[in-house]
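Report on the structure given below.
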Amino acid sequence: MTNSETPEEAAARKAEARRLRRQRQNTRNLVASIAASLGLVVFLVLVVARPDESIVRAIDYELVAENTEPTAPGPLLAPPLDDTWSANRAELTEEPYGRVWAIGLVSTTGDYVELAQVFGGAEDAVTDLVGVGGVESSTTLAGQSNITWTVIDRTELENPGNALFAVVSETDSGLVVISGTTQQGVLFIASQALQSAPEIWGTSGE
């Protein structure tokens, strides 16, 4: 006995088969969509939401100075500055010419200034911290005429690096070398350093 399929039954069977295929396709599409969404979430977490590692975080140089000073050869310069300045480096290192406390400072206007306090002054320190060459002169800062600074103008050099302008002065324990990309920034940091700790220069200020 044969079981013949009526046209209606055949049409129903094919319709059900198509429905099942669509259902399976919808399921696959849903899974793919979920996977894509999860992938996007992972991307956002790993790339977008994660802090940019290329951004240099500001350093509390005054706190670093406070914690480092007990092992330093003498008091460390850490002039207080307003929010227009931040530090990206603050460290005490051992160099061939002596120990050096250095702070790298960046302003909101793009100035870069390095304040270096050298314990055991030597000409090698200036060459290492500033570079070779430049036009030298001398100056005093407004309201601080008892301290003379050697000025090094390197703006005409072909490759001055970040030390386009620098000032150097002798202290009781060595040298203070301040260099940077702008004359204004360097002189401002020099003035703040001297004003904040005149005793390092062996004076009480004016």
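See the values below:
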quantity: Scaled radius of gyration (Cα, divided by 2.2 N^0.38 Å) that the stretch 124-197 gives; calculated: 1.04
quantity: Amide H within-cut-off set for Arg99, under 5 Å, with H built and near neighbours excluded; calculated: Phe119
quantity: Net charge, Ala122 excluded, C-beta distance under 11 Å - Lys, Arg +1, Asp, Glu -1; calculated: -4
quantity: ³J(HN,Hα) computed for each position of the stretch 171-187 - Karplus, 6.51 cos²θ - 1.76 cosθ + 1.60, integer Hz, glycine/proline x; calculated: 10, 5, 10, x, 9, 10, 10, 10, 9, x, 8, 9, 4, 4, x, 5, 5
quantity: Residue-count net charge about Tyr61 - beta-carbon cut-off 10 Å; Lys, Arg +1, Asp, Glu -1; calculated: -3
quantity: Cα convex hull volume per residue for the stretch 61-201 (Å³); calculated: 103 Å³
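Any read-out appearing in this document is the output of simple, stated calculations on the displayed coordinates, not a laboratory observation. No experiment lies behind these values; they were computed from the predicted model shown. Here Cβ is always computed from backbone atoms with ideal geometry, including for glycine, and neighbour counts include all displayed protein chains.
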